[in-house]
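The values are calculated or read from the model by the stated rules, or taken from the named source; none is laboratory data. Every value quoted in this text rests on a predicted model; they were computed, and no experiment measured them. Using ideal geometry, Cβ is built from the backbone for each residue, glycine included, and neighbour counts are taken over all protein chains shown. Accessible surface is based on the protein model in full, side chains and every heavy atom, while ligands, DNA and RNA are left aside. Shrake-Rupley method; radii C 1.70, N 1.55, O 1.52, S 1.80 Å.
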Amino acid sequence: MATEQLYKATDVRITQLTLIAPSGATVFVRELMTELNIFEDLFSSTMTGNIILTDTLNLINSLPITGHEYLEVKFEKPGDQLQFSKIFRVYKLTDRIRVNEQTETYVLHFASEELLLSESQLISKSYSGLTISSMVLDIAQKYLKISRSKLPVQAVQTTLGLHQVIIPSWKPFYTINWLARMALSTDKSASYVWYEDRDGYHFSSLATLVTKSPVQQLIMSPKQTGTERDPTFTDLQLSQEGMETYTFPESFDTLRNLFAGMYASELITVDPFRHAIQTIVYNGTKEFDRHTHLNTFPMIPNTMDRLGVPISEHYSAHRTVHPVYTKTEFPLKYDQWAHPRAMYMAGLHSTRLQAVAAGSLRMKVGTVITVKLPSANEQTRGAKQLDAFYSGRYLVTALRHKINRTSHACIVELCKDSYTQALKTSSESPFIQQIKSS
């Protein structure tokens, strides 16, 4: 563990960066490394990455590198007890360029070995009388051989109900993600995801993840924005929690959200055994109140349009027709998971923030971050204003560790599905009335 003092927020100590050949031969490549990138993604089955090497040892021929190697990576932040430690599987070499007679550069791409194991086999199996979480755990242990250290029992959140399912020659990760779509938590939230972070694999409901306490905060530098500086923070602490830059790739897309069913939707079920047709509607505001969220207030206004209907009651904006079979127990009732999951996912992705910050091992996908952004209003001395709608709690959905020999940065993507204050709306405004009647 790191015992040295942290002098800069971007300091990093690489303790292991070793290529391991199938023959057992090893090469420590830290001095050949130009850049190391490790990617975590909440909606990807495994971690991936790449390393850019400036090779003066002719490793491609002398090791050799043939796409069956392993890469052992260990690094830590000086003064921090946390450590990144993982062995990846190399699967691709690209961008090989000859620099001079004895030097060439290239990129090695790697991933968790479970990704290759998943692509190497198919599952043809039936499960009966089991929870979905039990099925996921069985697939992970029997087909992917994921150890308890990488997937402890507590990392698999228990799902609701006992079910029957037949898997018709599907790859393990495809099967797990298919099951995740239909899984309901004990509070009936349909938002399960399977993902990997530096600690291992997880099968968890997003509605559970968003309730966690923030692992850290991200703020803009006070000297850049005029936001209030906490007098108890040192310059180093401010650097650790400060963002170099941030952008909003997307703040909202009302048309897309209508199409995705975030605001309202309608399900028509057809039961061929009972010759019955049923229509079920989903109101985005009511669905919001049924589940847990990052912040308190929904992103859905309650004003009426010129048709005299709020956006949360335009049910035909997203309509699907689906057969149901009363004589079978699975899939789990379609009306309980399909549309509610689509609403929850659309809401979560409606606001996305990308930030560049000092490297951190406290941030992982699936963790909550508190973001403090300055208001665009002119700031005066005294109390500083924050952006009321875009500050607040965010969920880390993607993370890139960008490392060279001496520095570590994080490029992080954050999403949120709610505001810290309520939207002010009024259907009685004369101007709104004029727009509706025009």
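Going by the conditions given, is Phe259 open to solvent by 80 Å² or more (accessible area, probe 1.4 Å) and either outside any loop (DSSP other than H, G, I, E, B) or hydrophobic (A, V, I, L, M, F, W, C) (or both)?
It is true that Phe259 is open to solvent by 80 Å² or more (accessible area, probe 1.4 Å) and either outside any loop (DSSP other than H, G, I, E, B) or hydrophobic (A, V, I, L, M, F, W, C) (or both).
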**Item:** Looking only at segment 5-18, and only at residues there that are at pLDDT below 85 and open to solvent by 90 Å² or more (accessible area, probe 1.4 Å), the one that is nearest to Gln83 (Cα to Cα)
**Value:** Gln5
**Complete:** Selection from segment 121-139 of residues open to solvent by less than 30 Å² (accessible area, probe 1.4 Å) and in a loop (DSSP other than H, G, I, E, B) yields Thr131
**Prompt:** Does segment 200-232 hold any residues that are modelled with pLDDT of 95 or more, open to solvent by 20 Å² or more (accessible area, probe 1.4 Å) and touching a helix residue (DSSP H, G or I) at 6+ places or on another chain (Cβ under 8 Å), and which are they?
**Reply:** His202
**Tally, over segment 82-120, of residues that are open to solvent by less than 30 Å² (accessible area, probe 1.4 Å), under 27 Å from Lys145 (Cβ atoms) and either part of a strand (DSSP E or B) or not small (Gly, Ala, Ser) (or both)** = 8
**Request:** Filter segment 30-42 down to the residues that are hydrophobic (A, V, I, L, M, F, W, C) and in contact with a Ser or Thr (Cβ under 7 Å, 6 or more places away or on another chain), then identify the one that is most open to solvent (accessible area, probe 1.4 Å).
**Result:** Phe39
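Quick check on Leu144: is it at pLDDT 95 or above, within 25 Å of Leu206 (Cα to Cα) and not β-branched (Val, Ile, Thr)? So that I can check it myself, show each step before the final result.
Working: at pLDDT 95 or above: yes; within 25 Å of Leu206 (Cα to Cα): yes; not β-branched (Val, Ile, Thr): yes.
It is true that Leu144 is at pLDDT 95 or above, within 25 Å of Leu206 (Cα to Cα) and not β-branched (Val, Ile, Thr).
Any residue in segment 171-194 that is under 22 Å from Ser85 (Cβ atoms) and either of a type in the set (A, V, I, L, M, F, W, C) or open to solvent by 10 Å² or more (accessible area, probe 1.4 Å) (or both)?
yes
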**Request:** Could you tell me whether segment 390-411 includes any residue that is surrounded by fewer than 16 Cβ atoms within 10 Å (Cβ to Cβ), assigned to a strand (DSSP E or B) and either modelled with pLDDT under 95 or not basic (Lys, Arg) (or both)?
**Result:** yes
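Hey, any hits in segment 352-370 for a residue that's at pLDDT 85 or above, among the charged types (D, E, K, R) and within 19 Å of Ile219 (Cβ to Cβ)? So that I can check it myself, show each step before the final result.
Taking segment 352-370 as the starting set, the residues that turn out to be at pLDDT 85 or above are 352-370.
Right, trim to among the charged types (D, E, K, R) and you get 352, 362, 364.
Still in the running and within 19 Å of Ile219 (Cβ to Cβ): 352, 362.
Yes: segment 352-370 contains one or more residues that are at pLDDT 85 or above, among the charged types (D, E, K, R) and within 19 Å of Ile219 (Cβ to Cβ).
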**Item:** segment 72-81 - residue that is in a loop (DSSP other than H, G, I, E, B) and not basic (Lys, Arg) and, of those, most open to solvent (accessible area, probe 1.4 Å)
**Value:** Gln81
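Residues of segment 49-71 being in a strand (DSSP E or B) and either open to solvent by 40 Å² or more (accessible area, probe 1.4 Å) or modelled with pLDDT under 95 (or both), which ones?
Our first condition is that a residue be in a strand (DSSP E or B); within segment 49-71, this holds for 49-55, 70-71.
Of everything in segment 49-71, those that are in a strand (DSSP E or B) and either open to solvent by 40 Å² or more (accessible area, probe 1.4 Å) or modelled with pLDDT under 95 (or both) turn out to be Ile52, Thr54, Tyr70.
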**Fill in**
Exactly one of Met363, Met299 is open to solvent by less than 20 Å² (accessible area, probe 1.4 Å) and either more than 28 Å from Thr175 (Cα to Cα) or touching a Cys at 6+ places or on another chain (Cβ under 9 Å) (or both), and that residue is Met363
**Prompt:** Name the residues in segment 281-323 that are part of a loop (DSSP other than H, G, I, E, B), in contact with a strand residue (DSSP E or B) (Cβ under 7 Å, 6 or more places away or on another chain) and touching a residue at least 60 places away in the same chain (Cβ under 8 Å), would you?
**Reply:** Leu294, Asn295, Met299, Asn302, Thr303, His318
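Given the structure, is Val153 open to solvent by less than 10 Å² (accessible area, probe 1.4 Å), modelled with pLDDT under 95 and more than 20 Å from the chain's Cα centre (by Cα)?
When the stated conditions are applied, Val153 does not pass them.
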**Members of segment 263-280 found to be of a type in the set (Gly, Ala, Ser) and touching a residue at least 40 places away in the same chain (Cβ under 8 Å), listed by number** = Ala264, Ser265
**Request:** May I ask you to list pairs of residues, at least six apart or on different chains, whose Cβ atoms are under 7 Å apart, with the first in segment 78-103 being of a type in the set (Gly, Ala, Ser) and the second being open to solvent by 30 Å² or more (accessible area, probe 1.4 Å) and modelled with pLDDT under 95?
**Result:** Gly79/Glu4; Gly79/Gln5
